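What follows is a set of notes on a single structure, which appears directly below.
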Amino acid sequence: MARLSTYRRILEQDFPENADLVKDLGITINSSFEELYNALNNRLTFKENFNATIQEFTVTVDVNGTPRNRTTFKLANGQQSAEGLIVINVSGASDPTSLPNAGVFVSFVKSEGNIIIQNIKGLPKDVSFKIKVIVLG
């Protein structure tokens, strides 16, 4: 997708018959449109602009993919729902070059603003991994 063309501000000189009104409105309109223009030109960040929680946790699973220890974390402030969870990075906890056996899938439940990890597929048993996830609201 192409970037937006340059943004042109609304200036009072462009409307001399309504210069005072354009000057007053231009302050608000120009500021708002400039923010929107910048956002749509690759300045949005996932962390700052989406209702989601980004979290990293360390886990070891058994042969069935069940975490050996209770694995839980809090949702970000303001996030009320948890529609899904996406794994965005996985590495060995003690050896960052250690990789999972397959694609990693994490099942969870939401309980009172917390995410409780129930099962993780794709990891070898008894090896500690750091998993970074995004919980979508």
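Only the coordinates and a few stated rules stand behind these numbers; no lab work does. This one's a predicted model, so the numbers in the text were calculated from it and none came from an experiment. Cβ: placed from backbone, ideal geometry, glycine included. Neighbour counts: every protein chain shown.
When the residues of segment 69-106 are filtered to those that are more than 15 Å from the chain's Cα centre (by Cα) and touching a residue at least 40 places away in the same chain (Cβ under 8 Å), which remaining residue is nearest to L123 (Cα to Cα)? Filtering segment 69-106 for residues that are more than 15 Å from the chain's Cα centre (by Cα) and touching a residue at least 40 places away in the same chain (Cβ under 8 Å), the one nearest to L123 (Cα to Cα) comes out as V90. A residue that is touching a Leu at 6+ places or on another chain (Cβ under 6 Å), surrounded by 12 or more Cβ atoms within 10 Å (Cβ to Cβ) and aliphatic (A, V, I, L, M) occurs nowhere in segment 19-26. If you go through segment 45-82 and pick out every residue that is of a type outside the set (K, R), loosely packed, with under 12 Cβ neighbours inside 10 Å and under 30 Å from T6 (Cβ atoms), you end up with 4. Within segment 107-122, if we keep just the residues that are in a loop (DSSP other than H, G, I, E, B) and not charged (D, E, K, R), the residue that is farthest from the chain's Cα centre (by Cα) turns out to be G122.
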